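Following: one structure in structure tokens, then a few remarks.
The values are calculated or read from the model by the stated rules, or taken from the named source; none is laboratory data. None of the values given here were measured: they were computed from a predicted structure. Note that each Cβ is placed from the backbone with ideal geometry, even for glycine, and that neighbours are counted across all protein chains shown.
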């Protein structure tokens, strides 16, 4: 049985989600939340297998909630639900540590499959998002002839792109947090990037993380 | 287009000369009385001749001097008449005037013009801002209210479809398709009103997304180059850059028949946006008939550029493509 939390600030969407999910024999809705903070609290209390989060919610956005869940309840897989089909929004979602990104427009065909996929430990992206990221990845094939980053920095990039915090990266690579901080600063400076979303895009292009 | 001014009959110079004529004539008359001159006396006629001559001479000199003195005023009037508040070009009242009063007049007129222009820009900016705000609100409502309701319908239809008898399955599928289509159209409408990416991510990601969609809709290849950091610009400027690009791309789609569009955004001492296509172009003369925002929408673009403190430059030639350039000086 897949235990699911649903969070959306619109009651009608929540009830639609509940109706569809409860109709599946192998799924059960264990909690509902109407904003990001409530979603985080319920996730901590109920420890669902999958948290379905609307990206734009009051008090705490779905993205921020995904980050918090990722660091506090790592066993819960986050599936983001969004209106937006711009590439930047998917990248932000991945950067926040979501395991899946479903467009509301494609919720009828994609949602149930996506819940099963992420519950099974894999990642799910709506077709459109996959296509976009694929393009991004293919473009990377001809770029970056001389990589400015050291192998160690590339490892750090990969972990940043997978939404690890500095502390988690330090633990994973068995280095001090200070060292990670300086690696991180170097990476941003060398690549001339300003935020983590650009790092995610770079990591996808370099094939460091899977789209 | 000159205003109706009767120049000869009651112009200032005419009135002053007339007054002078009367004064001089009176003075001479009084002088001749005081001197006891008598026209009937032969040798005194000669004196009268000299007096009459001096009257005419005085008046001529008077007229000449007055005209000289009044010329700057006439020039000022000419220049003021040439000013078209809709097309602020340079400053026609720049040179100092030789006469103190006229210089003052020229100065205060300049100040008045500056104030009018400032006020125009201020209220134009306010209107533009209010319009963007309204569009943002509308877009958000479309997203938040209408599209959420449609999402709910879609989810319920999917749930319903799972245990619908096969003979009704097709109908449910069709309903879902319709809802889907409505959602897509709403999304496009909302994006056209005000793309949320512009507020969530800043100018460059919003432009990138806009260009990608333009390319997939029209098949025109797009390139986006940037220099400097446009995402740090004030919101009004970002909006102006986004909207001018949007309008320029719409022109390309409508008229150009282009295969490549290149968009450059440069942020240095000044901000420069260039949208260049390799399409059919047009004859610059065609622009003359254009008024306001119709046709190519150049009026709207120019107004946006002006309100952002910049200017728009459109270059085109038949067969030579079109380049729309907006330059904005950086405010300190």
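For segment B:139-167, give me each residue that is touching a residue at least 12 places away in the same chain (Cβ under 8 Å) and closer than 16 Å to residue A:109 by Cβ.
Selection gives B:150, B:151, B:153, B:154, B:157, B:158, B:160, B:161.
For segment A:33-51, what are the residues that are free of Cβ contacts under 8 Å to residues at least 40 places away in the same chain and either buried (at least 18 other Cβ atoms within 10 Å of the Cβ) or within 14 Å of chain B (Cβ to nearest Cβ) (or both)?
A:33, A:34, A:35, A:36, A:38, A:39, A:40, A:42, A:43
Hey, any hits in segment B:126-147 for a residue that's within 14 Å of chain A (Cβ to nearest Cβ) and not in a helix (DSSP H, G or I)?
No.
So, in segment A:1-12, exactly how many residues are surrounded by 24 or more Cβ atoms within 10 Å (Cβ to Cβ) and at the interface with chain B (Cβ under 9 Å from one of its Cβ atoms)?
Going through segment A:1-12 one residue at a time, the tally reaches 1.
Residues to consider are B:209, B:248, B:240; find the one that is within 11 Å of chain A (Cβ to nearest Cβ) and crowded, with 20+ Cβ neighbours inside 10 Å.
Residue meeting the stated conditions: B:209.
Can you pull out every residue in segment A:57-77 that is under 17 Å from residue A:34 (Cβ atoms), buried (at least 24 other Cβ atoms within 10 Å of the Cβ) and away from chain B (no Cβ under 14 Å)?
A:65, A:66, A:69 - these are the residues of segment A:57-77 that are under 17 Å from residue A:34 (Cβ atoms), buried (at least 24 other Cβ atoms within 10 Å of the Cβ) and away from chain B (no Cβ under 14 Å).
For residue B:164, are the conditions met, namely being surrounded by fewer than 19 Cβ atoms within 10 Å (Cβ to Cβ) and either out of contact with any strand residue (DSSP E or B) (no Cβ under 6 Å at 6 or more places or on another chain) or part of a loop (DSSP other than H, G, I, E, B) (or both)?
On the way: surrounded by fewer than 19 Cβ atoms within 10 Å (Cβ to Cβ): yes; either out of contact with any strand residue (DSSP E or B) (no Cβ under 6 Å at 6 or more places or on another chain) or part of a loop (DSSP other than H, G, I, E, B) (or both): yes.
Taking the combined requirement at face value, the residue satisfies it.
For segment A:85-114, which residues satisfy the criterion of being out of contact with any helix residue (DSSP H, G or I) (no Cβ under 7 Å at 6 or more places or on another chain) and surrounded by 24 or more Cβ atoms within 10 Å (Cβ to Cβ)?
A:89, A:114
Specify which of the listed residues (B:76, B:93) is surrounded by 12 or more Cβ atoms within 10 Å (Cβ to Cβ), in the same structural domain as residue B:115 (by TED's automatic domain parsing) and either under 30 Å from residue B:307 (Cα atoms) or modelled with pLDDT of 80 or more (or both). Write out each step before concluding.
On the way: B:76 fails: in the same structural domain as residue B:115 (by TED's automatic domain parsing).
Just one listed residue meets the conditions, B:93.
Among (1) modelled with pLDDT under 85; (2) in a helix (DSSP H, G or I); (3) exposed (fewer than 11 other Cβ atoms within 10 Å of the Cβ), where does residue B:21 come up short?
(3)
Hey, could you check segment B:212-231 for residues that are assigned to a helix (DSSP H, G or I) and more than 19 Å from residue A:128 (Cβ to Cβ) and say which is nearest to the other protein chains (Cβ to nearest Cβ)?
First pass over segment B:212-231, keeping only residues assigned to a helix (DSSP H, G or I): B:212-218, B:230-231.
From the residues that got through so far, the ones that are more than 19 Å from residue A:128 (Cβ to Cβ) too are B:230-231.
Values: B:230: 12, B:231: 8 Å.
Of everything passing the filter in segment B:212-231, B:231 is nearest to the other protein chains (Cβ to nearest Cβ).
With respect to residue B:184, is the statement that it is at pLDDT below 90, surrounded by fewer than 20 Cβ atoms within 10 Å (Cβ to Cβ), within 8 Å of chain A (Cβ to nearest Cβ) and assigned to a helix (DSSP H, G or I) true?
Yes.
Report yes if residue B:164 is over 29 Å from residue B:305 (Cα atoms) and away from every other protein chain (no Cβ under 11 Å), otherwise no.
yes
Could you list, in sequence order, all residues of segment A:14-32 that are over 21 Å from residue B:154 (Cβ atoms) and touching a residue at least 12 places away in the same chain (Cβ under 8 Å)?
Looking only at segment A:14-32, we keep the residues that are over 21 Å from residue B:154 (Cβ atoms), and these are A:25-26, A:28, A:30-31.
Of everything in segment A:14-32, those that are over 21 Å from residue B:154 (Cβ atoms) and touching a residue at least 12 places away in the same chain (Cβ under 8 Å) turn out to be A:26, A:28, A:30, A:31.
Hey, among the residues in segment A:184-207 that are part of a loop (DSSP other than H, G, I, E, B) and more than 11 Å from residue A:160 (Cα to Cα), which one's modelled with the lowest pLDDT?
Checking each candidate, the answer is A:207.
For residue A:118, state whether it is within 14 Å of chain B (Cβ to nearest Cβ) and modelled with pLDDT of 90 or more.
On the way: within 14 Å of chain B (Cβ to nearest Cβ): no; modelled with pLDDT of 90 or more: yes.
Answer is no for this residue.
From the list A:149, A:133, which one is at pLDDT below 80, under 28 Å from residue B:230 (Cα atoms) and over 16 Å from the mean Cα position of the chain (by Cα)?
A:149
So residue B:199 ticks every box in (1) surrounded by fewer than 22 Cβ atoms within 10 Å (Cβ to Cβ); (2) free of Cβ contacts under 8 Å to residues at least 12 places away in the same chain; (3) closer than 30 Å to residue A:12 by Cα; (4) within 12 Å of chain A (Cβ to nearest Cβ) but one. Which box is left unticked?
Here residue B:199 clears every test but (2).
So for segment B:200-217 (the condition being closer than 22 Å to residue B:248 by Cα and out of contact with any helix residue (DSSP H, G or I) (no Cβ under 9 Å at 6 or more places or on another chain)), does at least one residue qualify?
yes
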